[in-house]
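Presented below is the structure to which this report refers.
Derivation of every value follows stated rules applied to the coordinates shown; laboratory data play no part. Note that the structure is a prediction, hence the values are computed from the model and not measured. Cβ placement follows ideal geometry from the backbone for every residue including glycine, while neighbour counts extend to all protein chains displayed.
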Amino acid sequence: MVDILNIIQSRRSAGVFSGDVDDLTIRTLIEEAAIWAPNHHLSEPWRFTVITGSARERIGHEWALIAANEMEIKEPARSKYIATESSKLQRAPVIIVVSQHVNGTAIQVTEDHSAVAAAIENLLLAAHGLGMAAHWKTGKMAYHDAFKNLIGVDSSDRIIGLIYLGEGTEPKETLRHRKTEEILRWVRE
Ligand SMILES: Cc1cc2nc3c(=O)[nH]c(=O)nc-3n(C[C@H](O)[C@H](O)[C@H](O)COP(=O)(O)O)c2cc1C
């Protein structure tokens, strides 16, 4: 019990990533952690797209061009924007894009979203427990059809998180500020 609480509480979003993450470890995170999340009606809505190697640079650059064109950014700001946006996927050696296959009623879609979020937390905790650095990110990429298209995610599906993964570094400290009294209500008779 203490071990699991320690893993939950010591997980922090990483700022810096180094090294590499091998394919077997990525499969372990997915097969032995993410997919064991609770999931109403066992719809298994999670999908995982791994971006690694030079694909990070290619996709980052193609994405940056699309975003710059869409925003009609002109030089000299355009080159700077493209360089910054292109480099985002290169912050970590591996990015696992976790998406939700959207299907069924509005309630199922909501519940499947929750299940995919729970799968991401499982993945993050497992990565942390195995000594890796990880960070759940979203941003413009996560909500743009062109980015989904670049990585082969159906446009009707939703990207719930881009999980940046790498070898561990010193974690940043993040404090939870709310007092328990602010967020906990008991209904007891
Ligand atoms: C749905 C979701 C989206 C997030 N998107 C981003 C993001 O785009 N960029 C970012 O730096 N962090 C993002 N985060 C990470 C949070 O900022 C981070 O979890 C929060 O600051 C708490 O820090 P901790 O993870 O170290 O506890 C996201 C987290 C969630 C749950």
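Before moving on, here are some points about what is shown:
- Residue under evaluation Thr174, criteria (1) in a strand (DSSP E or B); (2) within 13 Å of the ligand (Cβ to nearest atom), criterion not met: (1)
- Residue within the stretch 153-170 that is touching a residue at least 40 places away in the same chain (Cβ under 8 Å), of a type in the set (A, V, I, L, M, F, W, C) and over 30 Å from Asn6 (Cα atoms) present: yes
- Within the stretch 98-126, residues that are over 19 Å from Ile51 (Cα atoms) and within 13 Å of the ligand (Cβ to nearest atom) have Cβ atoms under 6 Å from residues that are of a type in the set (Ser, Thr, Tyr) and part of a helix (DSSP H, G or I) in no pair, counting only partners at least 6 apart in sequence or on another chain.
- Inside the stretch 8-24, residues that are charged (D, E, K, R) and over 15 Å from the mean Cα position of the chain (by Cα) make up a count of 3.
- Complete set of residues in the stretch 140-171 that are within 15 Å of the ligand (Cβ to nearest atom), over 21 Å from Val109 (Cα atoms) and out of contact with any helix residue (DSSP H, G or I) (no Cβ under 8 Å at 6 or more places or on another chain): Tyr164, Gly166, Gly168, Thr169, Glu170
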